[in-house]
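The block underneath contains the structure these notes are about, expressed in structure tokens.
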Amino acid sequence: MRTPLTELTGVRHPIVQTGMGWVAGPRLVTATANAGALGILASATMTPAELRAAVREVRSRTDRPFGVNLRADAGDARERVRIIVDEGVRVASFALAPSRDLIAELKDAGVVVIPSVGARRHAEKVAGWGADAVLVQGGEGGGHTGEVATTVLLPQVVDAVDIPVIAAGGFRDGRGLVAALAHGAAGIAMGTRFLLTSDSTVPDAVKARYLAATVKDITVTTAVDGLPHRMLRTEFVSSLERAGRVRGLTQAVRRAAGFRKLSGLSWAAMVRDGLAMRHGKDLSWSQILLAANTPMLLRASMVEGRTDLGVMASGQIAGVIEDLPGCEELVARIMSEAAQVLRALPHPEP
Ligand SMILES: Cc1cc2nc3c(=O)[nH]c(=O)nc-3n(C[C@H](O)[C@H](O)[C@H](O)COP(=O)(O)O)c2cc1C
């Protein structure tokens, strides 16, 4: 199936596996690329050296195109952009709108730039700055998320910009792909569905929690870092919501210290990143520390397998996912279902 997304990035199928912190590593990205979809490495939870090594690892296992996701507001975003350019990565995906300069630098080097947005005005802004496509995430999507559902946001963004739009938030199958295309999208991007594959390195106990979840077990909370964040509702999340300010903050400082050690960031860099993440909102030091704390909570689940002590970011779609296919099987299944759905659509009377 050819769409502006496949043309732009050189992948076979109009499907993207998004950059999920601690989840979208070389193994998942390679499996996605080999399945003919666009895999995106998550770099916000890697040091620059780890990013370079991860890119080389993917490159050594596949000759298909892939991408790297980074935070445009990270203090070392420029260094990461250099790695993307030096290593010949095909796509740069941004968690927040990148600056005009960063877009220009990447485009000059022939890298395809695809920022993620959660609102029409952000899509308009990055389109005006020369982004090649936008990925728009509706409120049902996992991780940090907005309030507007994909079915409302997607056509709104499609109408507002004249670059390809990739739909994210709530997709898992061929029906969803056809629906997104009908709304004018160039393809779909999925996080939760790719997390729940046999190729993802997320520990089995954690995958089991996702599979067991019903749609009602997935919630949006601001208790983790002050921003609306969609995840599985667990006893731990409820306890964060109940914890008083002081207790929550003490725990956050401890975990932020752990992330600082792991990531090699200085406190100053972490505070700068935290400040940028607050994005000009009403700031408090406790919120900044909480923001720095998020990666550690995600890591506790996604790497260490702690279902009791971590954050399991999840889209609502986890409530209706019940299996763990490999990426190859998943992508093939979506494409054949999409073809079937297209054939079965009612046609207007001549
Ligand atoms: C476990 C998890 C971690 C995520 N981490 C990131 C991240 O580091 N950067 C980012 O831009 N988006 C992140 N997201 C959001 C996804 O990239 C994607 O936009 C979202 O999952 C799409 O919705 P879906 O889960 O319904 O497919 C994350 C999502 C999940 C489920």
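Here are some notes:
- Scanning region 36-52 for residues that are more than 16 Å from the ligand (Cβ to nearest atom) and either under 25 Å from Val331 (Cβ atoms) or not assigned by TED's automatic domain parsing to the domain that holds Glu87 (or both) returns a single hit, Gly36.
- Flag: Leu330 does not match the condition of being closer than 22 Å to Thr32 by Cα, of a type in the set (A, V, I, L, M), assigned to a loop (DSSP other than H, G, I, E, B) and more than 12 Å from the ligand (Cβ to nearest atom).
- Looking at Thr3, Thr32, just one residue is within 16 Å of the ligand (Cβ to nearest atom) and either modelled with pLDDT of 95 or more or surrounded by fewer than 17 Cβ atoms within 10 Å (Cβ to Cβ) (or both), and that residue is Thr32.
- Ala92 being hydrophobic (A, V, I, L, M, F, W, C) and not in a strand (DSSP E or B): no
- Qualifying residue in region 64-71 (condition: more than 26 Å from Asp199 (Cβ to Cβ), in contact with a Ser or Thr (Cβ under 8 Å, 6 or more places away or on another chain), within 16 Å of the ligand (Cβ to nearest atom) and not in a helix (DSSP H, G or I)): no
- Lone unmet requirement of (1) at pLDDT 95 or above; (2) more than 19 Å from the chain's Cα centre (by Cα) for Thr250: (1)
- Gly130 assigned to a loop (DSSP other than H, G, I, E, B), under 18 Å from Ala119 (Cα atoms) and either without any contact (Cβ under 8 Å) to a residue 60 or more places away in the chain or not assigned by TED's automatic domain parsing to the domain that holds Asn69 (or both): yes
- Complete set of residues in region 197-237 that are of a type in the set (A, V, I, L, M, F, W, C), more than 13 Å from the ligand (Cβ to nearest atom) and modelled with pLDDT of 95 or more: Ala205, Ala208, Leu211, Ala212
- Options Glu124, Glu50: the member that is over 13 Å from the mean Cα position of the chain (by Cα) and either closer than 23 Å to Trp22 by Cβ or part of a strand (DSSP E or B) (or both): Glu50
- Test result for Arg27, more than 12 Å from the ligand (Cβ to nearest atom), outside any loop (DSSP other than H, G, I, E, B), touching a residue at least 40 places away in the same chain (Cβ under 8 Å) and basic (Lys, Arg): yes
- If you go through region 177-191 and keep only what is touching a Gly at 6+ places or on another chain (Cβ under 9 Å) and either in contact (Cβ under 8 Å) with a residue 40 or more places away in the chain or near the ligand (Cβ under 8 Å from one of its atoms) (or both), you end up with Leu177, Leu181, Ile188, Ala189, Met190, Gly191.
- Residues considered: Leu153, Leu96, Leu135. Of these, the only one that is within 25 Å of Arg64 (Cα to Cα) and within 16 Å of the ligand (Cβ to nearest atom) is Leu135.
- Filter result (under 21 Å from Glu7 (Cα atoms) and surrounded by fewer than 24 Cβ atoms within 10 Å (Cβ to Cβ)) within region 35-60: Gly36, Arg59
- Considering the conditions (1) within 19 Å of the chain's Cα centre (by Cα); (2) more than 12 Å from the ligand (Cβ to nearest atom); (3) within 19 Å of Gly315 (Cβ to Cβ), Phe194 is excluded by exactly one of them, (2).
The values are calculated or read from the model by the stated rules, or taken from the named source; none is laboratory data. Bear in mind the structure is a predicted one, so any value in this text is a computation, not a measurement. A quick note on method: Cβ atoms are made from the backbone with ideal geometry, for glycine too, and the neighbour counts reach across all protein chains shown.
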